[in-house]
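The values are calculated or read from the model by the stated rules, or taken from the named source; none is laboratory data. Remember, it's a predicted structure, so these values are computed and weren't measured experimentally. Cβ placement follows ideal geometry from the backbone for every residue including glycine, while neighbour counts extend to all protein chains displayed. With ligands, DNA and RNA removed, areas are computed over all heavy atoms of the protein, side chains included. Shrake-Rupley method; radii C 1.70, N 1.55, O 1.52, S 1.80 Å.
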2 protein chains.
Amino acid sequence: MAEGDMRAVDALIGERMGSPVPLIPELASYIVEAGGKRIRPLITVAAARMLGYEGNAHIALAAAVEFIHTATLLHDDIVDESDLRRGKLPANQVWGNPHSVLVGDFLFARAFMLMVDSKSMDALHVLSRAAAVIAEGEVHQLVAAGKIETSRDEYMEIIGAKTAALFSAAAQVSSIIADRPQREEDALETYGRELGLAFQLVDDALDYGGLASDLGKNTGDDFREGKVTLPVVLALDAADEAERAFWTRVIREQPQDDATFDEAVTILKRRGALEGTLAAARAHAQRARDALAIFEDNPWSQALDQLAEFVVERAY
Amino acid sequence: MAEGDMRAVDALIGERMGSPVPLIPELASYIVEAGGKRIRPLITVAAARMLGYEGNAHIALAAAVEFIHTATLLHDDIVDESDLRRGKLPANQVWGNPHSVLVGDFLFARAFMLMVDSKSMDALHVLSRAAAVIAEGEVHQLVAAGKIETSRDEYMEIIGAKTAALFSAAAQVSSIIADRPQREEDALETYGRELGLAFQLVDDALDYGGLASDLGKNTGDDFREGKVTLPVVLALDAADEAERAFWTRVIREQPQDDATFDEAVTILKRRGALEGTLAAARAHAQRARDALAIFEDNPWSQALDQLAEFVVERAY
């Protein structure tokens with residue numbers, strides 16, 4: 001249903017990562033085509049259509065949103081030093097940090113060119129502010145890493161900035177170009193923010209393997225970086241003295257070996273910290289769905305509703 | 001004369017690097033207040049005033065231009081691994097690569113928020129395109145590093161993108177907000193581009209100590225990174241067999257020791273390559289001044305004219 005629009009978004013993404021410097025599309029397509037789920041541009045497209053928008057600006061804005069996301073992924077690789085991203089080597093391990101920084105900058109600039117194409121100054125305002133907030137959230141997270149005293153509120157503030165800001169902007173801009181009343185813009189802003197929070201909470205639970213008994217690959221990145229995500233916050237809330245000593249040690253002193261990671265997972269499960277994190281994710285996803293209540297029921301509002309379901313279900 | 005406006009630009013810069021995450025203004029002010037020469041925002045301010053512009057948008061755009069420049073400096077530190085920048089340790093050696101990447105992203109996003117404040121979609125178009133071209137030029141330079149066969153044309157293309165694009169955009173946006181005819185916009189675009197080329201050529205000569213007999217600090221960065229700048233292109237054009245072998249070796253195989261750098265400087269001087277580079281800089285600066293001929297003679301056009309003189313004079 002959203003397929004035609006999403007094909008147009010993909011085509012525009014492919015076109016706008018072009019450059020006379022061949023290395024740029026080569027590296028950009030490595031990360032863009034790895035593709036991920038295109039959740040953020042889907043929000044923009046589906047929300048615009050839900051509102052009856054009949055123009056073309058939503059395609060450019062959806063592509064811009066994905067470019068901002070891709071640029072932050074490239075720069076995150078330098079920050080996180082992860083070994084795998086979506087099962088592939090991160091771009092900076094293939095091409096080096098300088099190339100990842102610069103191609104990220106290129107995509108970021110191209111995102112703003114796409115926004116100019118949308119001709120909406122209000123959309124530009126919302127998305128440029130989101131881009132600044134994302135960077136603030138990432139720096140905040142860096143500063144908080146290794147700090148066992150990170151509170152649940154502070155953690156929510158961090159993921160609200162680094163993840164939910166782009167989700168909410170992606171939703172909000174659709175009502176801006178469709179020229180809808182403030183009430184609908186607010187509802188979509190809420191939908192996006194709550195969906196983004198749910199998405200990140202699920203990611204944080206999956207980084208400890210989620211509820212599945214087998215620990216797949218791609219787990220333990222947060223642990224190895226000393227990030228205090230909600231699973232750890234909840235485990236600390238319920239910790240006895242020995243567990244508190246364990247967390248204090250492993251969060252402050254990295255790297256830790258695989259056996260210690262397995263021990264962390266065991267404690268998280270014993271304390272119900274992964275269930276607790278996923279329960280929080282479900283609550284936020286529900287708030288996202290509730291925010292859609294003011295809109296007409298149509299295939300597009302249903303798609304947005306299902307997206308909120310999907311975001312949580314991928315954890316199970 | 002430009003002092004009032006430039007104070008307003010500085011105040012706006014200080015305000016807009018603010019963030020609830022204290023590390024951001026701390027790191028941003030380290031690089032912004034190191035300050036440099038504020039040449040790019042001065043172009044925007046003086047050109048707007050020269051054209052009789054009486055609004056305020058030139059202040060926001062000038063600050064945006066400086067933020068783009070500052071963001072690229074932060075990211076260049078990661079690319080170049082320089083030991084000193086303007087006589088200080090680069091920010092990434094004080095705070096680390098992740099912080100430099102993310103604060104650069106923050107400043108980049110804030111630059112676009114400032115452009116939104118200017119309310120000019122055409123200025124946004126010009127500056128977002130310039131930001132993309134800068135990144136392309138930087139990647140092009142990375143790809144060309146170590147390649148002795150880099151031609152003069154390719155070198156000019158690289159510096160046209162990585163340096164001159166922002167100078168020309170800084171000049172061009174002033175005529176956009178002042179709503180001047182295309183002919184004046186083109187003249188300012190030429191002024192900025194030629195000034196930017198002159199600026200970079202002087203920088204490249206200074207990286208080999210310029211014409212001064214004493215080699216100061218901060219020289220040799222390009223050499224150590226295997227960058228084929230115009231001094232090297234000209235030295236290669238005039239090289240005998242032994243010199244060609246020398247350049248082929250030192251450009252391809254880095255790092256080289258200080259004695260080898262001194263030898264490179266000796267050859268550059270013997271072959272007149274630094275004079276040749278500065279002669280090219282003078283020619284571009286003259287073209288920048290010529291482009292001002294269509295404008296009324298006033299204190300602002302004189303300031304722009306003097307700026308073109310200053311940019312070359314700092315080499316002597």
- Message: Any residue in the range A:267-283 that is within 11 Å of A:A205 (Cα to Cα) and free of Cβ contacts under 8 Å to residues at least 40 places away in the same chain sitting within a Cβ distance under 6 Å of a residue that is assigned to a helix (DSSP H, G or I) and open to solvent by less than 40 Å² (accessible area, probe 1.4 Å)? List the pairs, counting only those 6 or more apart or interchain.
- Response: none
- Might you check whether a residue that is within 21 Å of A:P22 (Cα to Cα), open to solvent by 10 Å² or more (accessible area, probe 1.4 Å) and facing another protein chain (nearest Cβ under 10 Å) occurs anywhere in the range A:110-132? yes
- Examine the range B:213-228 for a residue that is buried (at least 20 other Cβ atoms within 10 Å of the Cβ) and aliphatic (A, V, I, L, M), and state whether such a residue exists. yes
- For the subset of the range A:133-153 comprising residues that are free of Cβ contacts under 8 Å to residues at least 12 places away in the same chain and surrounded by fewer than 24 Cβ atoms within 10 Å (Cβ to Cβ), which member is farthest from B:F67 (Cα to Cα)? A:E149
- Item | Residues satisfying the stated conditions in the range A:134-154, i.e. of a type outside the set (G, A, S) and facing another protein chain (nearest Cβ under 8 Å) | A:I134, A:E136, A:E138, A:V139, A:H140, A:L142, A:V143
- Name every residue in the range A:87-99 that is more than 9 Å from chain B (Cβ to nearest Cβ) and at negative phi, in order of residue number. A:K88, A:L89, A:P90, A:A91, A:N92, A:Q93, A:V94, A:W95
- Message: With of a type outside the set (F, W, Y), assigned to a helix (DSSP H, G or I) and under 15 Å from the mean Cα position of the chain (by Cα) as the only criterion, which of A:I176, A:I134 stands out?
- Response: A:I134
